[in-house]
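Working notes for the structure below.
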Amino acid sequence: MTDEKILAAVDPEGPAPEDGELRQYYFLRKMQEFTAGRAKTLERKMTACVVTFGCQMNFNDSEKLTGILKTAGFDITENEDADFVIFNTCTVRENANEHLYGRLGEVHHLKKSDPRKVVAICGCMVQEKSAAEKIKKSYPFVNLIFGTYNLYCFPEYLYRCYHGEKHICELWDKSSEIVENMPVLRKYPWKSGVNIMFGCDNFCSYCIVPYVRGREKSREPKEILREIEKLADDGVKEIMLLGQNVNSYGKNLPEKTNFAELLAAAAQIPGIERIRFMTPHPKDFSDDVLYVIRDNPKIARHIHLPLQSGSDRILQAMNRHYTKESFLELVDHIRSIVPDAAITTDIIIGFPGETAADADETIDVVKKAHFDNAFTFIYSPRVGTPAARMEQVPEEEKKQNFDRLLSVVQETAKEQAKKLQGREFTALIEEMNDQDTSFVTGRLSNNMIVHVKGDPSMIGRFYRVRLDDCRGFYYFGTALGEMTGPDVEVR
Ligand code: SAH
Ligand code: SF4
Ligand code: F3S
């Protein structure tokens with residue numbers, strides 16, 4: 001059933017349905033009545049702003065929050081001056097938390113001049129007890145706090161915010177169900193993330209995600225494929241399948257299936273021209289997935305394969321379940337089956353016990369694996385994780401190793417980028433160039449960015465492009481014409 005049909009089926013005059021999506025749609029109907037009334041007194045529609053921190057999962061969740069707000073009758077704005085503002089938070093590293101506190105300070109000022117403003121916080125950070133307590137104590141002007149497991153209850157909380165409750169804090173410690181069919185407002189008409197699973201069971205010793213997102217839970221393949229078909233009908237051309245460890249997809253489903261099967265089925269859906277996925281775990285990367293990628297040109301020639309460390313000792317302490325050697329073998333294997341794939345990675349420097357020699361091992365992997373790009377992070381202790389209780393590396397040492405790593409990462413990425421010079425590829429044009437509006441910016445299947453002369457009509461379409469001028473991590477190129485056929489390219 002579509003959102004509109006479910007919405008039309010609820011009776012706002014009757015009692016609230018017990019639970020599930022119907023209950024939430026009931027509160028959405030109630031909110032529509034409320035916002036319509038308030039719009040009359042304000043002589044304008046109520047406005048809402050969703051601020052997102054963190055990963056693709058959170059961006060995806062924010063599209064749900066935005067969809068709910070829009071359906072409830074708010075105009076969506078990017079301005080935190082709005083009548084309702086919600087922060088969807090991340091807590092993967094301490095600086096993500098700091099960032100939120102900074103923004104809350106600014107919002108407090110806005111709220112002083114508009115006491116009717118409602119401020120809400122949701123997402124990963126508030127799932128941490130200490131952070132939620134700190135917000136309640138130090139930022140008492142925050143009206144609504146809810147976590148990752150009960151995001152779908154947002155319509156009900158919204159209703160309560162506007163019907164007498166000044167402070168609501170609803171934090172669950174696990175989820176009982178996956179609620180499908182909530183409204184969504186996509187940021188981009190032509191691309192969308194698609195959750196295929198929630199949570200994570202890997203418990204890498206540095207990582208807070210399993211604690212704030214809970215146990216791994218896969219969505220039913222038919223629900224996922226139905227969502228993708230709906231997106232295709234809506235004009236979406238590129239999807240990104242999202243999960244913390246996509247290659248363990250399907251593990252806990254009653255019907256036997258796996259990620260390779262899901263990927264192959266998604267590639268059959270007409271209208272979807274490009275499929276990305278994030279994130280696979282090196283320990284579970286199976287050959288079937290590589291063969292599906294090889295045989296389906298619609299699947300992006302880009303594999304993000306988080307390394308985290310190149311030192312066997314550190315990898316073991318991180319609970320990653322692979323070695324430097326097996327990781328390098330996997331990279332070679334990927335390149336032997338999908339030679340045109342770009343491989344990018346995530347690396348953490350400064351994990352407890354890491355020495356300069358361990359960092360050298362990581363640098364050695366960067367050189368040998370020829371990563372097309374790497375996101376490098378300084379280790380940030382997260383309360384409650386095993387690594388936070390281990391002996392920490394002094395800041396200065398972390399910093400030195402980080403700088404050494406970063407220069408090798410940059411060099412390697414540039415060398416990889418240069419290999420594409422002069423070649424032709426297919427780019428999906430994503431946006432106007434923010435420096436020069438006579439240019440548009442596109443992305444190749446292998447994730448390389450290219451700027452070409454163009455205009456806004458090109459956005460959301462595929463063009464054949466030639467890569468002329470390498471500027472390190474991106475290219476200036478020439479658009480050769482719009483593509484109508486499949487996205488085939490050889491690196
Ligand atoms: N599930 C994905 C992504 C997890 S979070 C994966 O396994 O890769 C994204 C990245 O943040 C991780 O890959 C890791 O490099 C980094 N990260 C996670 N916890 C961190 C911490 N405590 N300190 C620094 N970086 C961290
Ligand atoms: Fe965190 Fe590891 Fe799970 Fe990724 S796989 S989310 S790094 S615990
Ligand atoms: Fe951050 Fe939560 Fe994603 S902690 S990285 S937003 S899963």
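The values are calculated or read from the model by the stated rules, or taken from the named source; none is laboratory data. In this text, all values refer to a predicted model and were calculated from it rather than measured experimentally. Cβ sites come from the backbone with ideal geometry, for glycine too, and all protein chains shown count toward neighbours. Only protein heavy atoms, including side chains, enter the accessible area calculation; ligands, DNA and RNA are left aside. Shrake-Rupley method; radii C 1.70, N 1.55, O 1.52, S 1.80 Å.
For the reader, a short list of remarks on this structure follows.
- Among beta bridges that DSSP assigns inside the chain, antiparallel share in %, nearest 5: 35 percent
- Amide H to amide H, with H built 1.01 Å from N, ASN319 comes under 5 Å of SER205, counting only residues 5 or more places away or on other chains.
- Sorting TRP190, TRP172 on solvent-accessible area from highest to lowest, probe radius 1.4 Å, gives TRP172, TRP190.
- Here TYR139 sits with roughly 40 square angstrom of accessible surface, probe radius 1.4 Å.
- Percent RCO, i.e. relative contact order, over the range 255-370, from Cα pairs under 8 Å lying at least 6 residues apart: 28 percent
- Using Cβ point charges alone (K and R +1, D and E -1), the dipole size of the range 421-487 about the Cα centre works out to roughly 200 debye.
- Annotation: extensible slack from LYS399 through LYS283 equals 38.9 nm (criterion: 0.36 nm per residue apart, minus Cα-Cα distance).
- Helix-only [θ]222 nm of the chain, DSSP H runs n ≥ 4, -39500 (n - 2.57) each, per residue, nearest 500: -11500 deg cm²/dmol
- Prolate/oblate/rounded call for the range 17-112, Cα gyration tensor, a/c under 1.5 rounded: oblate
- Taking each of LYS30/LYS64; LYS230/LYS283; LYS112/LYS137; LYS136/LYS217; LYS324/LYS419; LYS230/LYS256 in turn, the alpha-carbon distance tops 21 angstrom for LYS230/LYS283; LYS136/LYS217; LYS324/LYS419; LYS230/LYS256.
- Those aspartates and glutamates that a straight Cα-Cα span of less than 14 Å connects to LYS414, excepting residues fewer than 8 apart in one chain: ASP372, ASP469
- Between the residues GLN308, VAL236, PRO270, the greatest Cα displacement towards the positive end of the dipole of the range 198-316, with unit charges on the Cβ of Lys, Arg, Asp and Glu, is found for GLN308.
- Most positive-pole-ward Cα, THR441, THR426, HIS451, against dipole of the range 413-453 from beta carbon charges: THR426
- Relative contact order for the chain, counting Cα pairs under 8 Å that sit 6 or more residues apart, in percent: 10 percent
- Point-charge dipole on Cβ atoms (K/R +1, D/E -1) for the range 350-476, about Cα centre, debye to 20: 540 debye
- Normalised contact order of the range 20-119, rounded percent, pairs of Cα under 8 Å and 6 or more residues apart: 28 percent
- Other-chain or far-sequence residues with amide H under 5 Å of GLU431's (modelled H): THR441
- Dipole size of the range 250-342 about its Cα centre, with +1 on Lys/Arg Cβ and -1 on Asp/Glu Cβ: approximately 280 debye, rounded to the nearest 20.
- Global form of the range 296-445, assessed from the alpha-carbon gyration tensor, a/c cut-off 1.5: prolate
- Nearest-10 value in Å² for the accessible area of ARG93, using the 1.4 Å probe: 70 Å²
- Across the chain: Cys residues that no other cysteine approaches within a C-beta distance under 4.7 Å: CYS49, CYS55, CYS90, CYS122, CYS124, CYS153, CYS161, CYS169, CYS200, CYS470
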